[in-house]
Amino acid sequence: MSIVKRRRYQIESKDEPLQVVVRGTDILNEPLLNKGTAFSLEERDELELRGLVPPKVVELEEQVTRVLENYKRKTDTMEKFIFLTSLHDRNETLYYKVLMENLMEMTPIVYTPVVGAACQQFGHIYRKNRGMYISLHDKGHIREMFDNWKQDEVDIIVISDGSRILGLGDLGANGMGIPIGKLALYVAGGGIFPCKTLPILLDTGTNNQELLDDPLYLGIHQKRAEDDEYYELVDEFVKAALDRWPKVLIQWEDFTNNHAFPILNKYRDDVLCFNDDIQGTGAVVLSGLLGGMRMKGEKLADQRIIFYGAGSAAVGIADTIVAGIVEESGMSDVEARKLFWLIDSQGLVVKNGPRPLHVHKIPYARDEALIDNLMDVIKSVKPTILVGVSGQGQTFTEEIIKEMLEYAKQPIIFALSNPTTKSECTAEQAYKWTKGKVIFASGSPFDPVRLKGKIYVPGQGNNMFIFPGVGLGASLCQASKVTDAMFYTAAMTLAEMVTEEELALGTVYPDLRKIRKISATIATAVIKVAFESGLAGIEEPEDIRKFVKDKMYQPTYPRYVAATL
Ligand code: NAD
């Protein structure tokens, strides 16, 4: 009997024991099954574990205490990352119990910002295999490689080609830290079963010379493949994945724009997939802006919006806000796009600029003269909202932020670039320079700011608010595709979950500690959209919310019995 069958057995019948075929050290070396010191005396006898673990039978809670004691002893964040990774690779139940109970403290370790530094050093801190690597050398073999993955049920694949990791650029095969981290958040925040997740790194080479010169780099040793070869490999991956796991949801993660948009556009209508940098970010920022509108008592259709940065995040966000404005006001999308001004490294994105535009920017190109700096664009546009997605730290200067006060009593400024060092400004700067008038959110977390006795709590436009719920919902109802309507619904649902108390503190997002409830609520809303639009692949449950909650993973140890061989 394969492990997946044993895990399914557990999912479907929570109270019954789980039959296992493996014995002895094989169980201890299988992180999905391992309980370490928590195996009962009966289990130790039945599963040939006597003598292989210390005599005391320990409860999960005591194991958590031991882990935290060791974790807290580490002062360096990279050491914390390595410690948690080792735990993940040793005992997944314990790892998720610890992660879920310490989510606020540990999310910045297992995901941004520390995961970024971990990716940079991936070849140097590598300890143990996790997930799958598909390289150019595997062309023609991907389907048979997928048989090497022992789980017959995979619900979610997160795949990256490592070409644009967070704001850190091309990290080649080192980018594997991102799919692993993202799927850890899927489990902790969205309740996807760990055994049903698969992180994949698509290694098509790297143009990062430093990595190619590094003797400990673990990827293939060549420059990135040309487009024809690249897209062939992507296509082979998609076909092989669907053949092996027909119901799988594919999440595209951290691809450069020149590939992110074409890949999404090629597969989005026929394959259950989405790109979190484009669509997930769009929904989380739209939700924050809706929170801002609630604070100001205004409408999105009355805003003028500047994006500093015109990459996948900017266009994904702008497209989602356009959909929101169309929905809210009945305006056409062409009219709604006129409320946006995008700036890239050349300046204002205009129709007749000095260089040909990437296709994703064209719908937002203005019929205006080129302005090559942010301050002059602000003076010309008189914006009410400024969104930073440029990956350029400290570019929202005191002058820029004060200028925003000329055009709105409560300007909305979202400095979304990651990691923290790339944030366009800090929360403290934004509150201080506007004397607390700004409605601020950031991509990386900032501490609350005290200003003249008042506390301001900056919201974090964390994609984690959206993607676990959307992925969970789309996967549970076996939707045939993930639509813009699902992301729009997710954004609205999230915005409605912000309490009046939270708004009063200046924060436009709910408390991340409620992530499980948030994900369940978003998944429920997404499933409803799937049924309304005829995209669901299951029979409609009587109570969708209960259906979702019942299907969510909880980190508890099942009781094991020896399966008859
Ligand atoms: P990207 O590389 O696709 O786009 C970056 C854009 O910034 C490009 O249009 C580029 O021309 C522009 N740019 C670069 N230098 C500039 C300059 N000096 N002045 C003006 N524009 C400049 O990257 P992306 O995926 O769009 O991500 C951008 C940033 O947004 C990253 O730091 C990423 O971490 C962050 N992000 C945040 C969230 C979130 O907070 N939820 C989600 C996704 C991305």
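The values are calculated or read from the model by the stated rules, or taken from the named source; none is laboratory data. In this text the structure is predicted, and so the values were computed from the model without any measurement. Please note: Cβ atoms are built from the backbone with ideal geometry, for glycine as well, and neighbour counts cover all protein chains shown. Protein only, heavy atoms only, side chains kept; ligands, DNA and RNA dropped before computing areas. Shrake-Rupley method; radii C 1.70, N 1.55, O 1.52, S 1.80 Å.
Can you give me the % of accessible surface on the stretch 143-221 that is carbon or sulfur? Probe 1.4 Å, all protein chains present, nothing else counted.
50 percent
How big is the chain in terms of Cα radius of gyration and Dmax, in angstroms?
23.9, 79
Determine the dipole magnitude for the stretch 443-565: charges of +1 sit on the beta-carbon of Lys and Arg, -1 on that of Asp and Glu, nothing else is charged, the reference point is the Cα centre, and the result goes in debye to the nearest 20.
For the stretch 443-565, the charge dipole is close to 500 debye.
In the chain, what percentage of the DSSP-assigned beta bridges are antiparallel, given to the nearest 5?
10 percent
Roughly how many debye, to the nearest 20, is the charge dipole of the chain about its Cα centre, given +1 on each Lys and Arg Cβ, -1 on each Asp and Glu Cβ, and no other charges?
Its charge dipole is roughly 1320 debye.
Whole angstrom only: what separates the Cα centroid of the stretch 388-442 from the Cα centroid of the stretch 161-191?
Spelled out, the Cα-based centre of one part sits 26 Å from the other.
Put a dot 7 Å past each Cα toward the Cβ at residue 532 and residue 74; how far apart are the dots in nm?
4.4 nm
Ignoring ligands and nucleic acids, what accessible area does residue 304 show with a 1.4 Å probe (Å², nearest 10)?
80 Å²
So what's the back-of-envelope 222 nm ellipticity for the chain, counting only DSSP H runs of four-plus at -39500 (n - 2.57) apiece and dividing by all residues, rounded to 500?
-12500 deg cm²/dmol
Tell me, in nm to one decimal, what length is gained between residue 421 and residue 496 on full extension, where the rule is 0.36 nm per residue of separation less the Cα-Cα distance?
Full-extension gain reported as 23.9 nm.
Among bridges DSSP assigns within the stretch 413-461, what percent are antiparallel (round to 5)?
Around 40 percent of the beta bridges assigned by DSSP in the stretch 413-461 are antiparallel ones.
Can you tell me the order of 121-128, 245-252 when each peptide is scored by its average per-residue count of other Cβ atoms within 10 angstrom, highest first?
Packing proxy ranking, top to bottom: 245-252, 121-128.
Over the stretch 293-449, what is the percentage of antiparallel beta bridges among all DSSP beta bridges, to the nearest 5?
10 percent
Measuring from label point to label point, each 7 Å out along Cα→Cβ, what is the residue 137 to residue 517 span in nm?
5.1 nm
Could you sort 322-330, 162-170, 185-193 so that the peptide with the highest average Cβ count within 10 Å comes first and the rest follow in order?
185-193, 162-170, 322-330
Take the solvent-accessible surface of the protein heavy atoms, probe 1.4 Å, and return the percent of it on the stretch 292-439 that carbon and sulfur atoms account for.
The computed percentage sits at 47.
With the dipole of the chain worked out from charges on the C-beta (+1 for Lys and Arg, -1 for Asp and Glu) around the Cα centre, which of 433, 21, 518 lies farthest toward the positive end?
After comparing all options, I get 433.
What area, in nm² and to one decimal, does the C-alpha convex hull of the stretch 329-453 cast on average over all directions?
The directionally averaged projection comes out at 8.7 nm².
Can you run the Rg to Rh ratio on the stretch 270-379? Use alpha carbon positions and the Kirkwood inverse-distance Rh.
A ratio of 0.98.
Which value, in Å to one decimal place, does the Kirkwood hydrodynamic radius take for the stretch 93-196 when every pair of different Cα atoms is included?
For the stretch 93-196, inverting the mean 1/r across all distinct Cα pairs yields 14.9 Å.
Can you send over the solvent-accessible area of residue 141, 1.4 Å probe, protein chains only, in Å² to the nearest 10?
80 Å²
What does the charge add up to near residue 158, with Lys and Arg as +1, Asp and Glu as -1, over the other residues with Cβ less than 9 Å from its Cβ?
Net charge in that neighbourhood comes out at -1.
Could you give the nm distance between label points at residue 335 and residue 229, where each point is 7 Å from its Cα heading toward the beta carbon?
Here the modelled spin labels are 5.1 nm apart.
Assigning unit charges at the beta carbon (Lys, Arg +1; Asp, Glu -1) and nothing else, what dipole magnitude in debye, to the nearest 20, does the stretch 252-324 show about its Cα centre?
Taking the Cα centre of the stretch 252-324 as origin, the dipole is about 360 debye.
Can you give the percent of C-alpha pairs in the stretch 430-565 whose distance is more than 17 Å?
65 percent
May I ask for the net charge around residue 173, where only other residues with Cβ less than 12 Å from the Cβ of residue 173 are counted and Lys, Arg are +1 while Asp, Glu are -1?
-3
Specify, per residue and in Å³, the volume enclosed by the convex hull of the alpha carbon atoms belonging to the stretch 105-150.
Cα convex hull per residue, to the nearest whole number: 119 Å³.
What shape does the stretch 192-280 have by the C-alpha gyration tensor, where a ≥ b ≥ c are the square roots of the eigenvalues, rounded means a/c under 1.5, and otherwise prolate means a/b greater than b/c and oblate the rest?
The shape class here is prolate.
How compact and how long is the stretch 256-319, expressed as Rg and Dmax of its alpha-carbon atoms in Å?
Gyration radius and largest Cα-Cα distance of the stretch 256-319: 13.8, 40 Å.
Any idea of the accessible area per residue across the chain, 1.4 Å probe, to the nearest Å²?
Each residue of the chain exposes 41 Å² on average to a 1.4 Å probe.
So what's the net charge close to residue 530: Lys and Arg +1, Asp and Glu -1, counting the other residues with Cβ under 12 Å from its Cβ?
Local charge sum for residue 530: 0.
On a C-alpha basis, how far is the centre of the stretch 314-387 from the centre of the stretch 520-536 in Å? Whole number, if you could?
Spelled out, the Cα-based centre of one part sits 31 Å from the other.
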